[in-house]
Amino acid sequence: MFDRLSAYAPQALAVLRIVAGLLFLLHGTQKLLGFPATEMSPPLMSLFGAAGLIELVTGVLIIIGFFTRPAAFIASGTMAVAYWMVHAPNSLFPTNNGGDAPILFCFVFLYLVFAGPGAWSVNKR
């Protein structure tokens, strides 16, 4: 039964890529555009502003599957930095420091660096 599911691996990878990219994009729009509504509005020339710009640009690239590997590499690194600079100083445990999302983003994007975009991408493998 599970062997038949393997035939859909490229489509499942694409769904993972698109959903992760959409969620990442939302973090960028929240920082830079205030949507969805937030109290956060960092200056563009700050670490949070730069992170928002990276989230916005790489999120779009990952969603459409254009330059997926380099975009995912940059996004993964950004999330590693975010975890260690913002979350880890509060506690090493992600459940206590709110760092669950950066860790998940980091490793999902790192996987995309190696796996590529999957199906439904502008850049087919």
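Nothing in this text is a laboratory measurement; each read-out follows from the coordinates by a stated rule. Predicted model only: the values in this text are computed from it and were never measured. Note that we place each Cβ from the backbone using ideal geometry, even for glycine, and neighbour counts take in every protein chain shown.
Numerical summary
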| item | result |
| --- | --- |
| Test: residue in segment 95-107 that is out of contact with any Gly (no Cβ under 8 Å at 6 or more places or on another chain) and part of a loop (DSSP other than H, G, I, E, B) | yes |
| So Met40, is it among the hydrophobic types (A, V, I, L, M, F, W, C), in contact (Cβ under 8 Å) with a residue 24 or more places away in the chain and farther than 17 Å from Val113 by Cβ | no |
| Candidates Val113, Val19, filtered to the one that is of a type in the set (Val, Ile, Thr), without any contact (Cβ under 8 Å) to a residue 60 or more places away in the chain and out of contact with any Ser or Thr (no Cβ under 8 Å at 6 or more places or on another chain) | Val19 |
| Hits in segment 11-34 (condition: out of contact with any helix residue (DSSP H, G or I) (no Cβ under 7 Å at 6 or more places or on another chain), farther than 16 Å from Thr68 by Cβ and polar (S, T, N, Q)) | Gln30 |
| Close pairs (7 angstrom Cβ cut-off, 6 or more residues apart or separate chains): more than 17 Å from Arg17 (Cβ to Cβ) in segment 70-93, of a type in the set (Val, Ile, Thr) and assigned to a helix (DSSP H, G or I) anywhere | Tyr83/Ile103 |
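Conditions (1) surrounded by 13 or more Cβ atoms within 10 Å (Cβ to Cβ); (2) assigned to a helix (DSSP H, G or I); (3) basic (Lys, Arg), marked per residue:
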{"position": "Leu23", "(1), (2), (3)": "yes, yes, no"}
{"position": "Lys31", "(1), (2), (3)": "yes, yes, yes"}
{"position": "Met45", "(1), (2), (3)": "no, no, no"}
{"position": "Gly59", "(1), (2), (3)": "yes, yes, no"}
{"position": "Ile63", "(1), (2), (3)": "yes, yes, no"}
{"position": "Thr78", "(1), (2), (3)": "yes, yes, no"}
{"position": "Ala82", "(1), (2), (3)": "yes, yes, no"}
{"position": "Met85", "(1), (2), (3)": "no, yes, no"}
{"position": "Pro89", "(1), (2), (3)": "no, no, no"}
